[in-house]
Amino acid sequence: MIVLGINETSHDAAACLIKDGEILFAGHAERYSKLKNDWYLNDDLINDLMSYGKPDAIAYYEKPFSKKLRLSLRGGLGDWKPRFDIADIPRSSFNHHYSHACAGYFTSKFNDAVIVVLDAIGEWNTSTIWVGKGTEITQKYKKNYPVSFGLFYSAFTKLIGLMPNQEEYIMMGMAGYGDPNKYLYKVSQYFPDINTQKYNFHKGISDWDEPITEKNKFDIAASVQKVYELRLNEFMHFAYKITGKENLVFMGGCALNSSANTMLWNIFKNVWIMPNPGDAGSSLGAAAAFYGKHLNWNGPYLGHDLGGEYPVKKIVEKILNDKIAAVATGRAEFGPRALGNRSILADPRDPDIKDKVNLIKQRELFRPFAPVVLEEHAPSWFDMNFKSPYMQYTVKCLKPNIIPSVVHVDGTSRVQTVSKSENPGLWEVVNKFYEKTGVPVLLNTSLNIKGQPLLNDREDIKEWEIAYGTEILQ
Ligand SMILES: [Fe+2]
């Protein structure tokens, strides 16, 4: 049986197709429509998906009645109704947090785990704890709106002039430049413990009485990140205490906070964060909830297929000669990070490369870049004893002088470990660079311009090459 999973009518619309436990396709609407965080599916995405098979059932993310009720209480439904439908196909819908839990647990290798979901808000839930055992997922705890980890973080994102629900990752990067203690007490008053918040953050921060200057923004970001980490630590200890499980599945938009995620390894023995833990990933969660069993997870390369072999030789030559290479090949990543198939790769030893890549991408110059390291060499270059194949953890760099362009101002790096099994082409590229230079690390950043979705298909590649005059290797 083929099941189509859909997330529509809120940010990050996405769709996926599964067949008897195999994930045939999973893709983001924005990559096709070019509208960042697009709310709705589009014909190009659906046509791409349908080329992998015709669905026998549709699984929608979110329970329409509860969602409608909450939106109407908030002051209006807006353009709420899902647009996509196929006549005569049976459809079901699944609870927001339950879909997050299914997306995480059913893509994990665990048969017994605690599942923590933290985001801004589902229908009503904001923080939930579940236990997954075999094929059963049972809720153990829930916290409802308005106390919300996600709304707290987004409200401060807005306060410092960034776009809430979209630019939280920029505030996380800014935190490294600020003084976390400057507003620690003040910010912690807004979120004093995991059960209490000062007020409803949906309406933003209404009583901040300090000036918001260019310098203060970084201190606010650092203090918010610190408070978020303190509360996350409390919440995860609570989840461990009430379930006693040593395997953690962490899902929801909050699981994208790579700086905070590293602490999870101090509390749990094993951690799984699906590479698309936010709402887009819950299209897969709804389909998995319908299927009700573990899926066969072979990696995040599930989107539009450009075909072709990974252009190893061309990339290595380009990096050794010009220091920077853009690559687009094979299937697009399902998730917000470019993990080698829609990436800009660069020599991390050159201290000026960071500014050069930032200029290409038109990003703020303070924004850090991430390294991709051969999995087998990761512990000697970074302070880590776990794998990070999807760039989900920030750790201390042990050799910052050798690879300065992938080290943040606070001495950390958001690491991607690459293995031969999950992305053999990218592994080969980094390994060849290692053989030539003795450095098993490259800079890896997404192939896009700031604020725009990642490049997806041949048309995007052509447009980029004409606009920027740089070749994309395929
Ligand atoms: Fe969510």
Take the residues in segment 327-346 that are touching a Ser or Thr at 6+ places or on another chain (Cβ under 6 Å) and closer than 10 Å to residue 445 by Cβ; name whichever of them is surrounded by the fewest Cβ atoms within 10 Å (Cβ to Cβ). 344
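Would you check which residues across segment 292-312 are of a type in the set (D, E, K, R) and more than 29 Å from residue 43 (Cβ to Cβ) and list them?
Of segment 292-312, the ones of a type in the set (D, E, K, R) are 293, 305, 309.
Across segment 292-312, the qualifying residues are 293, 309.
Given the structure, is residue 150 at pLDDT below 95, surrounded by 20 or more Cβ atoms within 10 Å (Cβ to Cβ), within 15 Å of the ligand (Cβ to nearest atom) and more than 14 Å from residue 272 (Cα to Cα)?
Numbers: at pLDDT below 95: no; surrounded by 20 or more Cβ atoms within 10 Å (Cβ to Cβ): yes; within 15 Å of the ligand (Cβ to nearest atom): yes; more than 14 Å from residue 272 (Cα to Cα): yes.
Considered against the rule, which asks whether it is at pLDDT below 95, surrounded by 20 or more Cβ atoms within 10 Å (Cβ to Cβ), within 15 Å of the ligand (Cβ to nearest atom) and more than 14 Å from residue 272 (Cα to Cα), residue 150 comes out as no.
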If we keep just the residues of segment 464-474 that are surrounded by 15 or more Cβ atoms within 10 Å (Cβ to Cβ) and of a type in the set (A, V, I, L, M, F, W, C), which is farthest from residue 372 (Cα to Cα)? 464
Can you find even one residue in segment 410-424 that is closer than 23 Å to residue 453 by Cα and of a type in the set (D, E, K, R)? yes
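If we scan segment 304-316, do we find a residue that is within 16 Å of the ligand (Cβ to nearest atom) and surrounded by 23 or more Cβ atoms within 10 Å (Cβ to Cβ)?
no
For segment 274-302, how many residues are in a loop (DSSP other than H, G, I, E, B) and either within 14 Å of the ligand (Cβ to nearest atom) or among the hydroxyl-bearing types (Ser, Thr, Tyr) (or both)?
So the first thing to find is which residues in segment 274-302 are in a loop (DSSP other than H, G, I, E, B), and the list is 274-281, 292-295, 297-300.
Remaining after also requiring either within 14 Å of the ligand (Cβ to nearest atom) or among the hydroxyl-bearing types (Ser, Thr, Tyr) (or both): 274, 276-281.
The total comes to 7.
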Quick one: residue 17 ticks every box in (1) over 16 Å from residue 283 (Cβ atoms); (2) modelled with pLDDT of 90 or more except a single one, so which number is it? (1)
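Conditions (1) more than 15 Å from the ligand (Cβ to nearest atom); (2) modelled with pLDDT of 95 or more; (3) part of a helix (DSSP H, G or I), marked per residue:
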position: 24; (1), (2), (3): yes, yes, no
position: 41; (1), (2), (3): yes, no, no
position: 66; (1), (2), (3): no, no, yes
position: 69; (1), (2), (3): yes, no, yes
position: 72; (1), (2), (3): yes, no, yes
position: 80; (1), (2), (3): yes, no, no
Selection status of residue 108, touching a strand residue (DSSP E or B) at 6+ places or on another chain (Cβ under 8 Å), small (Gly, Ala, Ser) and more than 10 Å from the ligand (Cβ to nearest atom): yes
Quick check on my filter: what residues within segment 257-280 are crowded, with 21+ Cβ neighbours inside 10 Å and out of contact with any strand residue (DSSP E or B) (no Cβ under 8 Å at 6 or more places or on another chain)? 257, 260, 278
Please verify whether segment 132-147 includes one or more residues that are touching a Lys or Arg at 6+ places or on another chain (Cβ under 9 Å), at pLDDT 95 or above, surrounded by fewer than 18 Cβ atoms within 10 Å (Cβ to Cβ) and hydroxyl-bearing (Ser, Thr, Tyr). yes
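If the requirement is being buried (at least 18 other Cβ atoms within 10 Å of the Cβ) and closer than 24 Å to residue 34 by Cβ, which of these qualifies: 403, 449, 461? Break it down stepwise before answering.
Numbers: 403 fails: closer than 24 Å to residue 34 by Cβ; 449 fails: buried (at least 18 other Cβ atoms within 10 Å of the Cβ).
Step by step, each of 403, 449, 461 is checked, and only 461 is buried (at least 18 other Cβ atoms within 10 Å of the Cβ) and closer than 24 Å to residue 34 by Cβ.
Could you check segment 94-154 for strands (runs of 3 or more DSSP E) lying wholly inside it with 1 or more residues that are in contact with a Gly (Cβ under 6 Å, 6 or more places away or on another chain)? Reasoning before the result, please.
Working: elements: 112-118, 125-133, 136-144.
So the answer is 112-118.
Right, residue 182: part of a helix (DSSP H, G or I) and more than 16 Å from the ligand (Cβ to nearest atom) or not?
Details: part of a helix (DSSP H, G or I): no; more than 16 Å from the ligand (Cβ to nearest atom): yes.
No; evaluated as a whole, the condition is false for this residue.
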Among (1) crowded, with 24+ Cβ neighbours inside 10 Å; (2) of a type outside the set (A, V, I, L, M, F, W, C); (3) more than 21 Å from residue 297 (Cα to Cα) - the single one residue 27 does not satisfy: (3)
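If the requirement is being within 16 Å of the ligand (Cβ to nearest atom) and in contact with a Ser or Thr (Cβ under 6 Å, 6 or more places away or on another chain), which of these qualifies: 117, 131?
On the way: 131 fails: within 16 Å of the ligand (Cβ to nearest atom).
Step by step, each of 117, 131 is checked, and only 117 is within 16 Å of the ligand (Cβ to nearest atom) and in contact with a Ser or Thr (Cβ under 6 Å, 6 or more places away or on another chain).
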Which ones in segment 242-273 are touching a helix residue (DSSP H, G or I) at 6+ places or on another chain (Cβ under 7 Å), more than 16 Å from the ligand (Cβ to nearest atom) and small (Gly, Ala, Ser)? 259, 260
What is the one condition in (1) in contact (Cβ under 8 Å) with a residue 24 or more places away in the chain; (2) in a loop (DSSP other than H, G, I, E, B); (3) closer than 22 Å to residue 60 by Cβ that residue 87 does not satisfy? (1)
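The values are calculated or read from the model by the stated rules, or taken from the named source; none is laboratory data. Computed from a predicted model, the values in this text were never measured in an experiment. Positions of Cβ are generated from backbone atoms using ideal geometry, with glycine treated the same way; all protein chains shown enter the neighbour counts.
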